[in-house]
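Working notes, beginning with the structure itself.
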Amino acid sequence: MVDLHHSDDDAWVDLGPEISPAPQKPVVGNKRKAQRTCPQMSKNQPKPKTQKRKLPSASAELELPSDDDGLVLDLPGRAPVVKDTEHQVCDCEDSSLKAAASRVASVVDNKYIDLLDILKGQVPCAVEMRCHLWEIFSVPRCTPRVRELGGRARRSYDIKHYWDLSAESFQRTTMQDVLLLKPLCLFMSPPCTMVCSMQHSNWRRIKHKDKFMCLKEALDFIDFCAWLALLQLTMGLFFALEHPEKSLAWDRASVQNLTKKDGVKKVTFDQCMFDLRAPSGKFLRKRTCLLTNSNAIVMAFDKKFCGGHHEHQRVEGSECGQKRSLLAQVYPGPMVDAIAHAVLLEGSRVPGF
Ligand SMILES: [Zn+2]
C-alpha cells in the first residue's frame, strides 16, 4: 500500500526503490557536485527533514528546501551533462543552430511509460490533497498567486529547488509523482536560452564544443515536457508548455505529436500586453507561445497581441548590469495572475477541486 498521506511539501512520493530508483547523484560539474548530495529513497529510512536558508554540505544528507518559501539554492549555472556523443559534436560543430538541433533526434515516446503498469492499482491520491498547479523547470512563479487565490500549489521541479531534471532518476521520480498525485495542471517552461532566436546568430561564434551538449540537453528537456503533457492529457488533466515563439521547441517531433492531439491548442501572445517591462520602464514585447489543452488558458492568452500603442525596448542587450533576456524570464504580475485565474477556473469545473 502506498502511503499518500504526506505533505505536498515532500519532494517525492516514497514508493521505495522497487518502483522507482532513488535519484542518484546526477552528473554535474565539480563545483555543483561539491554542493550537493542525494538522499536515498527507502521506506526504511526517514524522509529528509526540511531546513530553510541553509545549503547542504557535501558530507551531510541533503536537506530539501520547502517549496513554500520560495527558497532558491545559490547554485552556479547549469553545467552541460557530457555524454558519449563526440561524433555528434563533430557533426554539428560548423552547422547552424537549426541544423544542429535537427540532428538531435526527438524522442516522441515516453521513456518512463513502464510506470503506468507498475503503478496500476495503486491507491489514487484523494482529490482534496491534489494540487491545482505544479511548475516544471521553474522556481515558484505562479504558485504563490494560486495559493493567494485559495488554490493548492506547492511544487517546483527546478534545479534551483534541488530537482536536476537532466538526471534520468529525477525525471522518473517526477513522472511517478505526476502519476500518483495527479496535479490538475502542469505549467512547464523548460530552459530556452539554447533554442531561442537570439542564439541563432551566436551559434557559429560559440567555439566551446560543449555548446552542442547544452543544445542536446535543452532539446531533451523539451521532449520530457512533451511526455508529461501527454500523460496529463491521457489522465484528463491539464498542461501548458511555454516557450518563445521562435523557439526550436515547436519543431520537435515530440511537441508536434502533442500539438495534433484533440483539445490541444497553441496560442501566441506578446508579454508587453501583460506589462513586461525593462528596468528602464519601457515595454518588452517578447512574443511567446503556450501549448495547452486548457480552454481557460487559451481564453486568457490567445492573440493578445500588442497594438503598437507604446514604445518597445529590444530584449537583446543589458540594462543595470543585467541581460534583459534574463530579466524577461520573470513573468510580469498580470501574466502570473492570468495563469493562476485560468488554472483555478479549470479547477472549479472539476468536482473536488
Ligand atoms: Zn507592446
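Values in this text are rule-based calculations from the coordinates and carry no lab data. Since the structure is predicted, the reported quantities are computational estimates derived from the model, not experimental observations. Here the Cβ positions follow ideal geometry from the backbone for every residue, glycine too, while neighbour counts run over all protein chains shown.
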**Prompt:** Among bridges DSSP assigns within region 209-353, what percent are antiparallel (round to 5)?
**Reply:** 90 percent
**Message:** Need one word for region 210-353: rounded, prolate or oblate. Basis is the Cα gyration tensor (sqrt eigenvalues a ≥ b ≥ c); a/c below 1.5 gives rounded, then a/b vs b/c decides.
**Reply:** oblate
**Request:** Within 10 Å of each residue's Cβ, count the other Cβ atoms and sort Ile339, Ile159, Ile136 from fewest upward.
**Result:** Ile159, Ile136, Ile339
**Asked** List the trypsin sites (Lys or Arg not before Pro) in region 163-221 that DSSP assigns to loop (not H, G, I, E or B) and whose Cβ has at most 15 other Cβ atoms within 10 Å. Which are they?
**Response** Lys207, Lys209
**Item:** Charged-residue dipole, Cβ positions (Lys, Arg, Asp, Glu), region 236-313 about Cα centre, Debye nearest 20
**Value:** 120 debye
**Item:** Electrostatic dipole magnitude of region 85-348 [Cβ: Lys, Arg +1; Asp, Glu -1; Cα centre; debye, to 20]
**Value:** 580 debye
**Request:** Of the options Ser280, Gln122, Leu344, report the single residue whose Cα projects farthest towards the positive end of the charge dipole of region 85-348 (beta-carbon charges: Lys, Arg +1; Asp, Glu -1).
**Result:** Ser280
**Request:** Could you work out the per residue convex hull volume over the alpha carbons of region 85-348, in cubic angstrom?
**Result:** 137 Å³
**Prompt:** In region 120-157, which trypsin sites (Lys or Arg not before Pro) fall in coil by DSSP and have 12 or fewer other Cβ atoms within 10 Å?
**Reply:** Lys120
**Fill in**
For region 117-126, Karplus-derived ³J(HN,Hα) couplings (6.51, -1.76, 1.60; θ = phi - 60°; whole Hz; x for glycine and proline) come out as 6, 4, 8, 4, x, 6, 5, x, 5, 4
**Prompt:** So who's got an amide H within less than 5 Å of the one on Ser106, skipping anything under 5 residues away but keeping other chains? H placed 1.01 Å off N, in plane.
**Reply:** Ala253
**Item:** Using a Förster distance of 51 Å, the FRET efficiency for Ser102-Ala126 (Cβ separation, nearest 0.05)
**Value:** 0.70
**Complete:** In nanometres, the difference between 0.36 nm per residue of separation and the alpha-carbon distance of Asp302 and Gln256 is 14.7 nm
**Message:** Using each residue's phi in region 344-349, evaluate 6.51 cos²θ - 1.76 cosθ + 1.60 at θ = phi - 60° and report the 3J(HN,Hα) Karplus result to the nearest Hz, with x for Gly and Pro.
**Reply:** 5, 5, 4, x, 5, 8
